[in-house]
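Here the structure is laid out as C-alpha cells; the discussion comes afterwards.
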Amino acid sequence: TLPGVEIHDCGHKIGLNGVDNGALRFRSVRIPRDNLLNRFGDVSQEGKYTSSLPSINKRFAATLGELVGGRVGLAYTSVGVLKVAVIIAVRYSLLRQQFGPPKQPEISILDYQSQQHKLMPMLASTYAFHFATLHLVENYSEMKKTQDEQLVGDVHTLSAGLKAYVTSYTQKSLSICREACGGHGYAAVNRFGSLRNDHDIFQTFEGDNTVLLQQVAGYLLKQYRERFQGGTLTVTWNYLRESMNSYLSQPNPVTARWEGGDHLRDPNFQLDAFRYRTSRLLQSVAVRLRKQSKTLGGFGAWNRCLNHLLTLAESHIESVILAKFIDAVRSCPDPSSRAALKLLCDLYALDRIWNDIGTYRNVDYVAPNKAKAIHKLTEYLSFQVKNIAKELVDAFDLPDYVTRAPIGMQAAEEAYSQYTQFAGF
C-alpha cells in the first residue's frame, strides 16, 4: 500500500467468507486528476463541477443504475440456490419411508399431504422463477446492447422487484426444505446450513429488499399518474392501462361463483385475478397517498402507507412472473413437457390466489364456494405434481457434484451408503 492508505478485512461474516469484504482508509492522500471516478460528473482545474446529466436525481439514478447488473445476477443465482434446495428435499422425501397402513410396507414421506403442501408449490415456484429470471437476463442483455431508454426503465424496475421477491422467497424456502428433511437435513454434509448462511446476504446486498420493493411501487405510481395525465404506459406494464376500466369495475357476480376445473385452470382467469388484485392495490394506495399527503406531507404519507406499497410491489412482481410462466407453457414444443409445465403453472397461480384469498373475498371477486374449490384444486394439483416430482427435479439437470448432498443424490440407492460412509462407517 502507498503512504496514507490502509486496508483492513471486515472480519468473519455469517456466510460467504470466501469473499473478502474490506475497508479502506485514506489519510492525507492526494487523488490524481486521472483517478476522479468522473464518469457522470467532473471537476475542472479551477474547481468548477460539471455533469452531462441535468439534475441531481438523474445523477443519483445513473450511479445506482450500475447496481442493476448485480441485481439481475442475484435474482438468477438465487433461483439456482432454490433449485439445489428443492432437489435435495424432494429426492430425500421420495427416498425416506416412514409409517403407513397397518401390516403394509411403509410409504415415502412425500406421499403425506403435509409434505406435498410444503414442497410441491415450492417446486412450481422454482419453475416460475426460472422463466421470469431468464426473461430478465434476456432483457438486460438487450438493454446493454441498445441502451433503449424504455428498456432501461423496465429492467431497472424488474431487476429490483425480482431480486427482492425471489431472494426473500428462497431464504424462507431453505428453512422449509431443511425441516422437511428432518434430522438428516440438519447434518452439515447435506448443505442446508451452508446454503442458508451463504444466501442470507442476497436479501440485503445490491439493495435491501424492502427498499427495492419501494422502488417498484414508486415506478408503478409514476405510471399510474402519467396515465391520468394523458401519457403513454410502457409496453411491459400495459395491463395497468386496462386496470383503469375492466379491472377496477365491480367484480362479475356470475364468474365470482364459477368453480369448474376448466375455469380455474384457465390462464386468462388466473392472470386476470393477479392483475385485478394489483390494480386495486395501485388505485387504492394512490388515493390514500393523496389524502394523507395533505396533512402529513409526501414523506409522512409514504411512511403511513408503506406496508400497502410493499404489498402492491409484491403483487405486481407475482403478476409478471405468472405472465412469463404462461408464455413459457404456450411456447413449449413438446406436448408431454407442456402438460407438465401447465400443471406447475396452475399450481403456482392457484396457490398464490389461495394464500391471499382474504383479499379476493373482501371485494367479492371470489365467492365462498369458489374459494373452497380453489383450495381443493390446489391440494389435488400438489398431489399430481408429486407423481412426477422426480422427473421435474431431474430436469434441472444439476449433477451430484453440484448439489453435493448425500441425501439428494440422483441414484437413490447410493444415498444412505454415501451418507454413512461420510460419518465414518
Quiz item: For the peptides 300-313, 120-133, 4-17, what is the packing order when you average, over each peptide's residues, the other Cβ atoms within 10 Å and list the highest mean first?
Solution: 120-133, 300-313, 4-17
Practice problem: Go through (i) 40, 34, 18; (ii) 36, 29, 19; (iii) 48, 22, 19 and flag the label whose value is the computed semi-axes √(5λ) of the Cα gyration tensor in Å for this structure. | Solution: (i)
Quiz item: Using only helices, what value at 222 nm comes out for the chain when you add -39,500 (n - 2.57) per DSSP H run of length 4 or more and divide by the total residues, to the nearest 500 deg cm²/dmol?
Solution: -21500 deg cm²/dmol
Self-check item: Gyration tensor (alpha-carbon) shape descriptor, the range 96-201, a/c threshold 1.5
Solution: prolate
Self-check item: Loop sites in the range 336-370: chymotrypsin sites (Phe, Trp or Tyr not before Pro), DSSP, at most 16 other Cβ within 10 Å
Solution: none
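I'd like to know how the range 332-381 sits against the 2.2 N^0.38 Å rule of thumb: what's its Cα Rg over that expected value?
Against the compact-globule rule of thumb, the ratio is 1.34.
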Exercise. Helix by helix through the chain, keep the DSSP H runs that span 27 Å or more along the axis on Cα and average at least 1.0 on Kyte-Doolittle, and give those back in order.
Key: 68-95
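Values quoted throughout were computed directly from the atomic coordinates according to the rules given, and no laboratory measurement underlies them. Just so you know, these numbers come straight off a predicted model, no measurement behind them. Virtual Cβ from ideal backbone geometry, glycine too; neighbours counted across all protein chains shown.
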